[in-house]
Structures are given as C-alpha cells and as structure tokens.
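Visitor: Okay, here's the structure, questions in a sec.
No lab work stands behind these numbers, since they all come straight from the coordinates. All values reported here derive from a predicted model rather than from experimental measurement. Here Cβ is always computed from backbone atoms with ideal geometry, including for glycine, and neighbour counts include all displayed protein chains.
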Amino acid sequence: MKSRSHWVWVFVGIVVLAVLPLLLSKFYLHLTSTMLIMALFAISFNLILGYTGMTSFGHAAFFGMGAYTYALLSTKTGWSLALNIFLAPVTGALAALIVGYFCIRLHGILFAMLTLAFSQIFYTVIFQWYGFTGGDNGIVGLPTPEILASDKALYYFIAAIVTAGVAILWRLIHSPFGYTLWTIRENSLRSSFIGVEVNRHRLIVFTITGAFAGLAGVLFAMLDRQVFPSYLHWSLSTEVLIMSLLGGMLTFGGPALGAIMVTLIRYWISTYTLYWMIFLSFILLFIVLFLQKGVVGTVTERMKPPELRT
Amino acid sequence: MDFWQFLSFSWLPPSTILITQLMNGVTRSMLLFLIASGLSLILGVLGVVNFAHGSLYMVGAYLFYSLSMHLVHDSSSFWVALILAPIAMAMAGGLIELFLLRRVYGAEGIMQLLLTYALVLFFSDFVRLVWGPQYLAVTRPKGLDGAVFLGKIIFPAYNLFILALGPVVALTLWLILYRTKFGKTARAIAYDREMASALGVNVPFLYTSIFMIGCYFAGLAGALTAPMGSITPIMDISIIVESFVVVVIGGMGSFWGALIGALIVGVAHAFGILILPRIAMVSIFVVMAIVLILRPWGLLGNPLGPLTK
C-alpha cells in the first residue's frame, strides 16, 4: 500500500516535470531548471549532513570543480559532450576523495573547519590562476551542443539527469549501505562495536556526495553557459546547508523543497529589494527558533499519531 | 636565479622593508588577537562557534565612524568613540545572547551555528542599509596621524599605537581570566559545565557576561581598525575566516594559543604579500589544513577537549 502510493507520487512528479515547459515562459523555465539542479545538490549533500551526521562547509568546492571541469574541457579540448559531462562528477569525486581522506578523522566543528579550509584552497587556486581558469573573469560563453540548443531541450536534459540522480540516491539510502550510514549517525561508537568500519563508510559517502555535487555543477554550467570562482565559494556551501535544514535534514525530499524555497525566495525578494540577505536571515532565525526539524520534518511529525511523536 | 643566488638571499627585499613588513604583520596580529581571543573565549565557555563575531567587529567599525565623524566635532572625538563603540557592541552582544542564543543551547550544535550565521547575513545587509554600500574612511586623531622615524625605518604612528595597545589589552584579558574569581568560574565552566553548575556557579549570568566581553573586544578591534583603512560592508567575512584560522591553529579555547595563532597568521600574511602576493590568501588555509591534519586540537589546545571528540 505504502510503496504503491510512493509510485503514484513519482508518476505525478514526472508528469509535472514533463508538462512544465508547455506552461512556463523562458524565464521561469530557467528558474525551474535552477531549482532542479539545486535540489539534486541539496539531496546529495544531505546524504552526509542528515544521513551520516557530517556537517561539511566546503561542498561548493566539488560543485565548482564539476562546473570548471566541464567548462575547461569544452573550451580547450574537442572532446565529445558525453565525455565532458561524464568527467565532471569524476573530478568532483576525486577532489572529495582527497579532501575526505584528511577530513573524515575529524568530527563536529573541526570537520566543518577543515572542509572549509580545503574548499577555500580550491577557491583561491581557481580565483588566482588567470592563465588557466580566467581568474575572477570566469569562463563565459561556453559552447552549446546543437542537440541541446533550445531551452526546452536543455530543460528536459537537466530534468532527466536530475531525476536519474535522485533515483540513484533514493536506492542508495534504502540499501544496506544507506542503513549503515544511519547507524553511524545515531551512534558511531556503537556502530564500530558491531563491526561497521565507520571511517571507510564516511569516506565513501563523502566521495559519493562529491560526485553528485560535481554533477550538479556541470548541469549548472550548461544551463548558464558560464562558470565563475563564486561557484566554489563557501557562501554556496552554506546555502546548500540552509536548503537541507530548511526542508528538513532527516527526510529524503526535504532538501529538495528547501532548494526550491531558497531559490524562489531569493528570486522574489531580489526583484523588490537589493537587501535579500536580511530576509534570508529572518527565515534562518525562524527555522532555528521554531522549526528545527525543517518544513517536511515538522509536517510529517504532525501527521503521525501523538504517541509516535518524538 | 641559480642555486647560489637563492642561498645568498639576494632575492629578498632590503632589510628595512622586511622590518617594516614584520611590524605591519605584528600590528595586524594584535587586531586579530583581539577578535580571535573573544571568539575562542566564547567557544571555550559557551561551546558556541560565533560566526557573527566578524559582523560585530564590522558594526563596531561603522559605529566608530559615525561617533567619531558626526557625533562630536573636536579633537576628543576619536577617544570618545573608541570608548563608546565597543561598549555598544557589548550591549548588542548581551541582547543577542539573552534573546537568541539562550534559546538554542539545548539543540544540536548546528542550530547554534546557523543562528550566528543568520546574524552574519542580517548585519551584512544592515550596514548596507544604514551606512550605504560605499567605502568609508575615518581620519586618525591628532598626534597619531603622522609617521615616526625609527632609524632608517619610517612607520605610521597609529600602527605603533596599536602595537603598544595590543599587549595592554591582552594583559587585561589575561588578568580577568586568570586572576579574578569571575575568570576562575568561567574557566571552570569551560572545563566541566555540569560540575560547575552543580557547585553553584551562576552559569546563565556567566554565559551572558562572557559573550559580552567577547563582543566588546570584537567592537574594540573594529574601532581600532577603522582609521587604518577603509570601512567596507564585506570586512566581516574575511576577518571571521582569518580569526577561525587563528583559533584553530592556536587551539580552541586557549588564550595563549589565540596569541600565538594571531602572530603566525598576521606575520605569515604580511610576508606572504611581500614575497608571493598571489598565494598570500591561500597560505593561511594551507597552514590551518596542516595543523588540523597533524594536530587537530591546535598548537596549545586540549587534545582531550570536548571539541576533538
């Protein structure tokens, strides 16, 4: 019964994604694509935040590495589109593997600080290396493959990749590996007592999220046809953190809702005022003071019978 | 440049420049220490990573600008503002602790982090709204606006003032923490919170006052920085990141660690700019990454402290 209702929702979601381009203007289609990409980024990020209990402050680095890999390959080599897209998450995963190797031994604030330090190193290298990455000018005017030249084609491409990515993440979380991560989050000491290799799992999941961050990065680079060092900046790292928390980090779909909300709020508010950060700060304060489980977490909690609430 | 040329150090700039740069670096270290020691103190006693510390520093600088340039119009304005601006920031810190932070002590650590991050966002737009996006400058007070000749070296008098003031402030903070009952109870809380409160320490009062002291020093650093360069709405982020590096290198919650960390970061930055300007920005992160990998608890931190678990 439950699994059937899940499939209904999946079906509805896919139909909505398929129909949207017929209803939306070019601008809103672009906004929807941005939301989808950020949703993928946030859901994958939540694999370490919500499911494993690691607070990374440097995930924008892997997002940016993916975007830059694609941008550099597509402007400097004649390699095929498929290869360029494929190599972006590979770079993201490699970078995450190296960073993760050093970081996973630390916990809590120290883990967050070390991921921040590494991401700032990546950021500074990209920002300063004018000869190779264009420095703060970024790389603009990325060539668009003919097959994705129209806005609708690009949208469908992004939507398909995001859907596939989310499906993979869903499978991953509901696999023995996913349940092991949950165990580590609940109590890493006890899970090591029952024979779980905690650090290896932490490294693997960190690398996986790096790959997905890279994938989100390449999609974003394709959508906007440009890349900038700000893609690696720690403000993006905190933004994805906010998305996960706003939606609810203990739920699968929460981060996606958070990503949609943050993207929409930023767009709406920034059309009225330059000072959109002040509104973001009020939203954050609201989460922290009244909505610590996030939107989805709070709603699902309310739907439970009273005796099951925590 | 061949190997022997490299060994002869002839590639280095002349020694007068090196000494000037060293003094600039130490000046910067003094300001960094003011901020980082407050950050470290709050972290040690309250267990809260105060992201908003850099923002309080920034607002302190802006407030100092308004007080010294507009409120009073005589030669004493600098000194009046130097006293008032940090006190105002301590008050702001007290309000933040009482009405916001206090409500999330029981929650997961990430909630406290998010709350202070929300304050970062708030203040960053707040100063743009109140003082505008343009860069502001404050004139130096009479007597400190000139240059001082120390042998061959020419050095701004204002920097010398900070070089002299830094150790005085550090000593005051040390006396408060290590030679008063207040400081002793604060350190007791940092060491074992539950035991301290079981023994009758008024924990909520100490939390508020420690947070206010930290914010006072952030405001003081902001006020002291204001006449050295321009006041910008983005000065919060760079300083908070650097202060974190200082705290991580020195050891979280350690007073002397904050001083050593500040000296390392300040001097490394000054020479980094001189020798390899392009990588000066990244060098402090490399140092921090190395320290975190080899000694996660920092140079003088407690390896068994609550933060390394």
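Visitor: First measure r as the distance between the Cβ atoms of B:VAL201 and B:TRP79, then evaluate 1/(1 + (r/R0)^6) with R0 = 35 Å and state the FRET efficiency to the nearest 0.05. If you can, show how the numbers build up before the last one.
Guide: Values: r = 36 Å, r/R0 = 1.04.
Computed FRET efficiency for B:VAL201 and B:TRP79: 0.45.
Visitor: With a point put 7 Å past each Cα toward its Cβ, work out how far A:VAL196 is from A:PHE132 in nm, to one decimal.
Guide: According to this spin-label approximation, the distance is 3.8 nm.
Visitor: Over all residues in A:281-293, what is the mean tally of Cβ atoms on other chains that come within 10 Å of each residue's Cβ?
Guide: Values: counts 11, 3, 2, 8, 7, 1, 4, 13, 8, 1, 0, 6, 0.
The shielding value for this peptide is 5.
Visitor: Is segment A:54-125 rounded, prolate or oblate when judged by the Cα gyration tensor, a ≥ b ≥ c being the square roots of its eigenvalues, rounded requiring a/c under 1.5 and prolate requiring a/b larger than b/c?
Guide: Details: a/c = 3.50, a/b = 2.44, b/c = 1.43.
Because a/c hits 1.5 or more and a/b exceeds b/c, segment A:54-125 counts as prolate.
Visitor: Which whole number gives the average count of other chain Cβ atoms within 10 Å of the Cβ atoms across peptide A:99-109? It would help to have the intermediate numbers written out before the result.
Guide: Details: counts 1, 0, 1, 4, 3, 0, 3, 5, 4, 7, 13.
Per residue, the average neighbour count from other chains is 4.
Visitor: Let me make sure I get this right: for the protein assembly as shown, a, b and c are the square roots of the gyration tensor eigenvalues over alpha carbons, sorted descending. Under 1.5 in a/c it's rounded, otherwise prolate if a/b > b/c, else oblate. Which is it?
Guide: Prolate is the answer for the protein assembly as shown, as a/c is 1.5 or above and a/b outweighs b/c.
Visitor: Please work out how much length the chain gains when fully extended from B:SER66 to B:ALA164, using 0.36 nm per residue of separation minus the C-alpha to C-alpha distance, in nm with one decimal. Could you put the intermediate results ahead of the total?
Guide: Values: separation 98, 0.36 × 98 = 35.28 nm, distance 2.53 nm.
Full extension of this stretch gives 32.8 nm more.
Visitor: Then there is this: What number, rounded to the nearest 500 deg cm²/dmol, is the helix-based mean residue ellipticity at 222 nm of chain A, given -39500 (n - 2.57) per DSSP H run of at least four residues and division by all its residues?
Guide: Working: 14 runs with 236 residues, N = 310.
Roughly -25500 deg cm²/dmol at 222 nm, from the helical runs in chain A.
Visitor: What FRET efficiency comes out for B:ILE87 versus B:GLU108 if R0 is 41 angstrom and r is the Cβ-Cβ distance? Round to the nearest 0.05. Write down the numbers at each step before the final one.
Guide: Working: r = 33 Å, r/R0 = 0.81.
Efficiency at R0 = 41 Å is approximately 0.75.
Visitor: Please tell me the relative contact order of segment A:82-213 in percent, rounded to the nearest whole number, where contacts are Cα pairs under 8 Å and at least six residues apart.
Guide: Contact order relative to length: 49 percent.
Visitor: Just to compare against my own numbers: the Cα pair-distance distribution for segment A:33-308, 5 Å bins, whole % per bin, please.
Guide: Result, from short to long distances: 1, 6, 12, 17, 19, 17, 13, 8, 4, 2, 1, 0, 0 percent.
Visitor: Between B:SER68, A:PHE228, A:GLY248, whose Cα lies farthest towards the positive end of the dipole of the protein assembly as shown when Lys and Arg beta carbons carry +1 and Asp and Glu beta carbons carry -1, centred on the Cα centre?
Guide: Towards the positive end, the residue furthest out is A:GLY248.
Visitor: If I build a Gaussian network model for chain B, linking alpha-carbon pairs within less than 10 angstrom, which residue out of B:PRO227, B:PRO86, B:PRO156 has the largest mean-square fluctuation?
Guide: Answer for the Gaussian network model of chain B: B:PRO156.
Visitor: Mind sorting A:GLU301, B:GLU194 by how few other Cβ atoms lie within 10 Å of their own Cβ, fewest first? Don't skip to the answer; put the middle values down first.
Guide: On the way: A:GLU301 14, B:GLU194 9.
Ordered by Cβ neighbours within 10 Å, fewest first: B:GLU194, A:GLU301.
Visitor: Rank the residues A:LEU215, A:LEU94, B:LEU175 as a footprinting-exposure proxy: fewest other Cβ atoms within 10 Å of their Cβ go first. Write out the running numbers ahead of the final one.
Guide: Values: A:LEU215 28, A:LEU94 18, B:LEU175 11.
Least to most surrounded, the residues fall as B:LEU175, A:LEU94, A:LEU215.
Visitor: What value, in deg cm²/dmol to 500, does the helix sum -39500 (n - 2.57) over DSSP H runs of n ≥ 4 give at 222 nm once divided by the residues of chain B? Could the numbers behind the result be given before it?
Guide: Numbers: 12 runs with 212 residues, N = 309.
Per the formula, -23000 deg cm²/dmol.
Visitor: Using 1/(1 + (r/R0)^6) with R0 = 35 angstrom and r between the beta carbons of A:THR300 and A:LEU23, what's the FRET efficiency to the nearest 0.05?
Guide: Plugging the Cβ-Cβ distance into 1/(1 + (r/R0)^6) gives 0.75.
Visitor: Another question, then. Per-residue counts of other Cβ atoms within 10 Å, averaged by peptide: what ranking do you get for A:79-92, A:114-127, highest first? Walk me through the numbers before you get to the answer.
Guide: Numbers: A:79-92: 18.5, A:114-127: 24.4.
Going by the mean number of other Cβ atoms within 10 Å, highest first, we get A:114-127, A:79-92.
Visitor: Same structure again: For segment B:23-233, what relative contact order do you get, as a whole percent, if you take Cα pairs closer than 8 Å and at least 6 residues apart?
Guide: Working: 271 pairs, mean separation 94.0, N = 211.
Relative contact order for segment B:23-233 comes out at 45 percent.
Visitor: Hey, what's the per residue convex hull volume over the C-alpha atoms of segment A:142-274, in cubic angstrom? It would help to have the intermediate numbers written out before the result.
Guide: Numbers: hull volume 18.7 nm³, N = 133.
Value for segment A:142-274: 141 Å³ per residue.
Visitor: Could you work out the relative contact order of chain A? I mean the mean sequence separation of Cα pairs under 8 Å and 6+ apart, divided by the number of residues, in percent. Write down the numbers at each step before the final one.
Guide: On the way: 444 pairs, mean separation 98.6, N = 310.
Normalised by residue count, the contact order of chain A is 32 percent.
Visitor: Other chains' Cβ within 10 Å of B:231-242 residues: what's the mean?
Guide: Numbers: counts 0, 0, 0, 0, 0, 0, 3, 0, 0, 0, 5, 0.
Across B:231-242, the average partner-chain Cβ count within 10 Å equals 1.
Visitor: Modelled label-to-label distance, A:THR271 and A:VAL140, 7 Å Cα→beta-carbon offset: nm?
Guide: 2.4 nm
Visitor: Provide the packing ranking of B:143-153, A:41-51, A:271-281, i.e. peptides ordered by the mean count of other C-beta atoms within 10 Å per residue, highest first. Mind showing how you got there, number by number?
Guide: Numbers: B:143-153: 11.8, A:41-51: 27.2, A:271-281: 15.9.
The peptides rank, most packed first, as A:41-51, A:271-281, B:143-153.
Visitor: About the Cα centre of segment A:33-308, what is the dipole size in debye to 20, counting +1 per Lys and Arg Cβ and -1 per Asp and Glu Cβ, all else neutral? If you can, show how the numbers build up before the last one.
Guide: Details: 13 positive and 9 negative charges, 78 e Å.
For this selection, approximately 380 debye.
Visitor: Taking the number of other C-beta atoms within 10 Å as the exposure measure, put B:SER254, B:SER15 in order starting with the fewest.
Guide: Working: B:SER254 23, B:SER15 10.
By the 10 Å Cβ count, ascending: B:SER15, B:SER254.
Visitor: Also: For chain A, what are the DSSP H helices with axial Cα length of 24 Å or more and mean Kyte-Doolittle hydropathy of at least 0.0? Write down the numbers at each step before the final one.
Guide: On the way: long enough: A:2-23 (31 Å, 1.48); A:26-49 (34 Å, 1.55); A:81-103 (33 Å, 1.98); A:108-128 (30 Å, 1.66); A:151-173 (33 Å, 1.44); A:198-224 (39 Å, 1.20); A:254-272 (27 Å, 0.96).
Going by DSSP H runs, the hits are A:2-23, A:26-49, A:81-103, A:108-128, A:151-173, A:198-224, A:254-272.
Visitor: If packing is taken as the average count of other Cβ atoms within 10 Å, what order do A:68-77, B:130-139 fall into, highest mean first?
Guide: Details: A:68-77: 20.8, B:130-139: 13.4.
Packing proxy ranking, top to bottom: A:68-77, B:130-139.
Visitor: With chain B treated as a Gaussian network of Cα nodes joined by springs under 10 Å, which of B:MET195, B:MET288, B:MET212 yields the largest mean-square fluctuation?
Guide: B:MET195
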